[in-house]
Structures are given as C-alpha cells and as structure tokens.
Amino acid sequence: MSRNVISAARAREILTEARKTRILVVGDVMLDQFIWGSVSRISPEAPVPVVDFQRESFMPGGAANVSRNLATLAVPTEIFGAIGDDDSGRQLQGLLDEQKIGCQGLVKSAKRHTSVKTRIVAHQQQVVRIDRETRESLDGELTRQLLAELKPKLATTDAIIIGDYGKGVVTQPLLDEIKSLCRERGIWVSLDPKPVHKLDLSRLSLITPNRKEAFEMVELPDETRNANPLADKNLLLVVERLLQQPSPAILLVTLGDLGMLLCQRDHNPIHIPTVAQEVFDVSGAGDTVIASFTLAIAAGASPLEAALLSNHAAGIVVGKVGTATTTPEELIHSLTTG
C-alpha cells in the first residue's frame, strides 16, 4: 500500500485538534455573486446565449473564502482586509457574521470599492464573470489601521494565512511587518501568491502556487507537461528554484487534475494524485487547499498529512458548483470511501 495515504481516524484526530487552534486570515476580501439561470436560445441581437434568470446567491470570496473554509471546518478564525463604505461591504460583513467569522479587522475606506465578482452560471457552467473592484495598493494609513487591528490578536494565534489576489491589500510593508511579528512569536505563515504582484516572499512557512503561478514566479515558460510530475524536468527545475528563492519551509504546487506536489528542501518531492471524481467548478479550490493545509499543521499534522488532507478537501469542493467549502463530515466520508 502507498505510504501517501491518511486514514479517516487520523483525519478525525487532526480536525478535532484544529478546533482548539486559532487562525487569522489577512488579504483581499471579495463578495462573490452568483446569478443562476438556464439557456435555451441565442440572442437575436448578438451571437451570445440568453440566460433566463432563476435565482441569485452571495458568498464571501477571496481571502474571505479562506476564512469561510476554516469556519466550515469548525476552526476559530478572523478576517483582516479592506472594504469600501458601501452596500457590498456591509453585505459581506453580514455573511461573515452569519458564519461566526470575526470581521472587526475589515477596515473601511470611502476611497475604495468592495471587490464584487459576479458569475453568471447556466447548466452548471460559467457563462461570464463581471469584476467590480479597486486595485490600488492600500495607503500607509489604512495599512497602519489593519496592523493595529491584527497585532493584539497575535498572542493567541497559531497561524496566519495571507491571501494575495492582487487587489491592493497585501503590500510589501504589510507583509514585512506580519513576517517580523510572526517570526518573533513563532507563528506559522502561509501565503497564496499572485506572481503579477511582485513581493519579497522570503521567510514564509508555506506558499501554495498553482503550476502556472509557479512558472511565472521564476519567469520560465511552461512549454511541456508530463503526466507524471516527478518526471517533469521543467516543473522540477521550477520547484528547485523556488526552494532556493523565496525559500519557503514548504512549497505546495497544485497541479489541477494531476493533484499536487509537496516540496521541502533536502527532501525528494512527493506527488499526491488528485482524488476528485468529477470537476464542476474550480472556483476557490486554492482557498480550500491553503486553509485545510494550514489548519492541519496548526493541529500538529506532518506536512505530508496536511497535504493529503488538503488534497481530499480540494477534491470535494471542485465537485460542487460555486465558491464551495467542505465540512468535517464530508472530509471524513471522502477518506473512508476514497
């Protein structure tokens, strides 16, 4: 039997311990709007589908979806970011309150718009996405406000997850201060990178790029793709360079339908094949991976156990439509049947 498995009993232990931890999420928060409908004809005005409206729903998105993943897995969490002084920001706060996610760390600015991503979905397929957002970097005053909200929480924090979606919250001054504060206190720091946003990512505990992002981070073209990641010379070269600089303690490269690659300095990479049965929507799958990996580490899991758990969690959410999460019960069932 492969050693790259985790039992349902061990996963249950990890999830139970995770409930005793506290994980803070910092980054670009969004409001995800879904408009659901059906298509039966093409518009006579242009060669586009006509979507007959059925319903709409709203969910926390971006870094707020990371915190939602943690809350769904019963992990105490709070979110820190920036919103506009607008209806969308108030609606996002209401959704977070409903899920018992602390959101006092969301600073308001009349100069910013709360990021809203509107996805129009018909027959379980996205038709189009509309983005309304501010992308300018936070100014010094807002960054100081954010850090002032964050600092008092660190004494009782086990890990921090930084969600950089390129919307201006994760600046170099903010990141440097968080790294310094967490290093002093021995707090684990995970980050989901955005390569177009050039930042110094050194001295982080975990980074979780997908394959495309990993190649972009080292500025190499992704010209070939081997079905066996451990035989993919280009991918292994990228991994080697990332482990040298920015040199995270752990590098977890997500590979879509090929699963993920767990990488550490002085260790051979470990390929973990996907467990997804069907893929309906990959929206937010990266949020699920970084949330479930980090909570597992905070609960005392090994990096391999954390990767295996997060792989199962991702396999569940891609089988759902929309920005999805998974519950402890679904995760245990996946490990039992998988």
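Please treat every number below as a calculation from the coordinates, not as lab data. Owing to the predicted nature of the structure, the values given are computational and were not obtained by experimental measurement. Positions of Cβ are generated from backbone atoms using ideal geometry, with glycine treated the same way; all protein chains shown enter the neighbour counts.
Couple of notes before you dig in:
- Most mobile listed residue (Ile130, Ile178, Ile14) in the chain, GNM with C-alpha springs under 10 Å: Ile130
- The longest stretch of the chain left intact once loop-based trypsin sites (Lys or Arg not before Pro) with at most 14 other Cβ atoms within 10 Å are removed from consideration, loops following DSSP, is 21-99.
- For region 1-101, applying the loop criterion from DSSP together with a ceiling of 11 other beta carbons within 10 Å to the GluC sites (Glu not before Pro) yields Glu45.
- Within the straight-line cut-off of under 17 Å between alpha carbons, the aspartates and glutamates reachable from Lys100 are Glu78, sequence neighbours fewer than 8 places apart in one chain being disregarded.
- Mean ellipticity per residue at 222 nm, deg cm²/dmol - from DSSP H runs of n ≥ 4 across the chain, formula -39500 (n - 2.57): -10500 deg cm²/dmol
- Prolate/oblate/rounded label for region 132-227 (Cα gyration tensor, a/c 1.5): oblate
- Couplings for region 9-17, taken from phi via the Karplus curve 6.51 cos²θ - 1.76 cosθ + 1.60 with θ = phi - 60°, read 5, 5, 4, 4, 4, 5, 5, 5, 5 Hz in order; Gly and Pro are left as x.
- Sites matching GluC sites (Glu not before Pro) across region 139-244 that sit in DSSP coil, with at most 15 neighbouring C-beta atoms within 10 Å: Glu219, Glu223
- Distance distribution P(r), the chain, all Cα-Cα pairs, bin width 10 angstrom from 0: 6, 26, 34, 25, 8, 1, 0 percent.
- Pairs from the table (Lys117/Lys233; Lys111/Lys198; Lys111/Lys194; Lys117/Lys212; Lys111/Lys179; Lys194/Lys320) lying more than 32 angstrom apart at Cα are Lys117/Lys233.
- Taken as Cα centroids, region 196-260 and region 123-142 sit 25 Å apart, rounded to the nearest whole angstrom.
- Kirkwood Rh in Å, taken over all unlike Cα pairs in region 96-139: 13.3 Å
- HN-Hα J in Hz across region 154-170 - Karplus 6.51, -1.76, 1.60, θ = phi - 60°, x for Gly and Pro: 5, 4, 10, 10, 9, 7, 10, 10, 10, x, 9, 10, x, 9, x, 6, 8
- Using a cutoff of 8 angstrom between alpha carbon atoms and counting only pairs six or more residues apart, the relative contact order for the chain works out to 19 percent.
- Rounded if a/c under 1.5, otherwise prolate or oblate - region 13-62, Cα gyration tensor axes: prolate
- Here the Gaussian network model covers the chain, with springs between Cα atoms less than 10 Å apart; of Gly166, Gly94, Gly27, Gly94 fluctuates the most.
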